[in-house]
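Report on the structure given below.
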Amino acid sequence: MIKFPFLRVGRAGPRWLLVAIVGSLSACAVAPVLDEPSRAGPLAAPAAVAVAPLPPVIMQATSRWVPVPWSDLPGLEQDAVHEAWPAWVQSCTRPSPPWAALCPEVRQLAQASVQTQRQWLRERLQPYRVESHTQQNEGLLTAYYEPVLKAERHARPGFRVPLYGPPDGLSKRKPWYTRQEIDTLPAARAALRGKALVHLADPVDAMVLHIQGSGLIDVREPDGRQRRVRLAFAGTNDQPYKSIGRWLLDQNLIRDASWPGIKSWIDRNPSRVNELLWQNPRVVFFKEEALPVGDVPPGPKGAQGVPLTAERSIAVDRSSIPYGTPVWLKSSGPQTRLDRLVLAQDTGTAIVGAVRADYYAGSGPAAGELAGRMKQPLQLWALWPR
């Protein structure tokens with residue numbers, strides 16, 4: 001699932017945009033390069049205590065991984081690591097070579113006790129502090145989510161904002177029409193005729209979906225039936241992403257560029273909605289996915305190609321952390337405190353840097369409230385097979 005933030009400092013891109021389209025998943029893993037042994041570990045233990053030597057530093061394209069003892073990981077004994085296991089099992093459906101050998105054990109431990117899982121982590125994996133090549137180990141955590149919206153299958157009064165599937169010939173005309181041109185040019189409108197999947201009531205909700213990259217849609221069919229479907233990312237118009245929050249800040253129109261702050265400005269300035277939305281020329285096209293029967297649908301697929309797990313999946317810069325890597329995450333800020341096991345399963349063009357992550361908060365309004373406000377310090381530890 002490729003995402004775009006309303007305002008993400010340093011994020012150029014489709015939470016929830018856009019986008020590096022995911023290429024061959026077989027090429028997702030970044031091969032580690034061993035460097036000299038770390039000198040950044042804790043002070044030497046007294047001579048009477050036997051301490052196993054730490055392995056060498058691992059160099060990634062945009063980060064260095066410094067080996068540390070498990071005691072360096074904050075909150076290890078308090079985290080309910082079993083809640084991360086379903087996400088790990090999902091990653092094991094598309095494992096990179098370093099994980100293929102361990103995935104049978106991961107699956108066997110899915111129903112084990114938390115104590116057993118925690119002990120297995122200590123025995124089979126080595127934690128590495130993730131830092132930049134200049135040894136900076138603190139970065140930025142933001143969050144994204146999956147909106148839940150109401151829609152009509154066909155346009156009617158009150159529901160006239162279309163969400164489109166990819167137009168014919170999209171790949172032949174790059175870049176395609178901008179957001180403003182799609183709204184105003186007859187040629188662009190003609191190219192999208194018959195491509196509307198559903199119609200929303202609010203153009204701002206449509207922008208939210210474009211930014212987050214995926215959404216759950218409660219759609220009413222022409223015969224009156226209600227269905228819940230997922231609209232998933234299917235492409236873009238290949239125009240640059242521009243943050244509407246950044247534009248509002250640059251115009252000195254707001255001081256709070258969180259999503260609640262943006263919505264507050266929109267409520268006060270309804271006549272300027274199109275002006276605001278047209279600042280972001282990028283448009284996302286969607287595909288409709290049926291959902292399995294059940295109360296809780298699986299999460300949207302991330303760039304690794306597996307469903308995301310609420311509060312246990314993150315998007316990363318894959319040149320720093322390969323997809324499928326279990327990661328210990330520490331972040332404390334005004335929105336929440338997190339010390340927990342998560343899985344690197346997604347990416348975003350604005351998620352760039354050694355210590356950078358986007359936290360998948362889940363779906364619905366509460367997740368959206370958290371995602372719209374989260375911007376806080378971050379530390380990461382990659383857990384790698386011994």
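The values are calculated or read from the model by the stated rules, or taken from the named source; none is laboratory data. Worth saying up front: this structure is predicted, and the values here are computed from it rather than measured. Cβ sites come from the backbone with ideal geometry, for glycine too, and all protein chains shown count toward neighbours. Heads up: the accessible areas ignore ligands, DNA and RNA and are worked out on the full protein's heavy atoms, side chains in. Shrake-Rupley method; radii C 1.70, N 1.55, O 1.52, S 1.80 Å.
Some observations on this one:
- Taking only protein heavy atoms and a 1.4 Å probe, the accessible area of the chain is 52% carbon and sulfur.
- For segment 178-326: rounded, prolate or oblate by the Cα gyration tensor [a/c cutoff 1.5]: oblate
- Entry comment: accessible area of segment 132-226 is 49 Å² per residue, from protein heavy atoms only and a probe of 1.4 Å.
- Computed label-point distance, nm, for sites R228 and V114 using a 7 Å Cα→Cβ extension: 2.7 nm
- Positive-end residue, segment 266-386 charge dipole about Cα centroid, Cβ charges, pick of S313, P365, V355: V355
- Extension gain, D256 to E138, is 40.1 nm, computed as 0.36 nm per intervening residue step minus the present C-alpha separation.
- Using θ = phi - 60° in the Karplus curve 6.51 cos²θ - 1.76 cosθ + 1.60, the 3J(HN,Hα) couplings for segment 89-96 round to 4, 4, 4, 6, 6, 9, x, 7 Hz; x is entered for Gly and Pro.
- With both labels modelled 7 Å from their Cα along Cα-to-Cβ, the T336 to D202 distance reads 2.2 nm.
- Cβ-placed point charges (K, R +1; D, E -1), dipole of segment 43-180 about Cα centre in debye, nearest 20: 960 debye
- In order along segment 197-203, the phi-based Karplus estimate (6.51 cos²θ - 1.76 cosθ + 1.60, θ = phi - 60°) of 3J(HN,Hα) comes to 8, 8, 10, 9, 8, 10, x Hz; Gly and Pro are listed as x.
- Along the axis of the charge dipole computed for segment 126-254 (Cβ charges of +1 for Lys and Arg, -1 for Asp and Glu, origin at the Cα centre), the listed residues T134, A191, P203 are led at the positive end by A191.
- Sites D168 and W70 - FRET efficiency at Förster radius 56 Å, r taken between beta-carbons, to 0.05: 0.55
- With R₀ set to 41 Å, the beta-carbon distance separating S264 from A190 gives a calculated FRET efficiency near 0.65.
- Charged side chains reduced to their Cβ positions (Lys and Arg at +1, Asp and Glu at -1) give the chain a dipole of some 780 debye around its Cα centre.
- Distance in nm between pseudo-label sites at E289 and K150 (7 Å out along the Cβ direction from Cα): 2.6 nm
- Rounded to the nearest 20 debye, the dipole magnitude of segment 227-386 is 160 debye, with +1 charges on Lys and Arg beta carbons, -1 on Asp and Glu beta carbons, and the Cα centre as origin.
- On full extension, the segment bounded by S271 and R122 gains 47.9 nm, given 0.36 nm per residue less the C-alpha separation.
- For the chain, calculated [θ]222 nm from helices alone, where every DSSP H run of n ≥ 4 adds -39500 (n - 2.57): -5500 deg cm²/dmol
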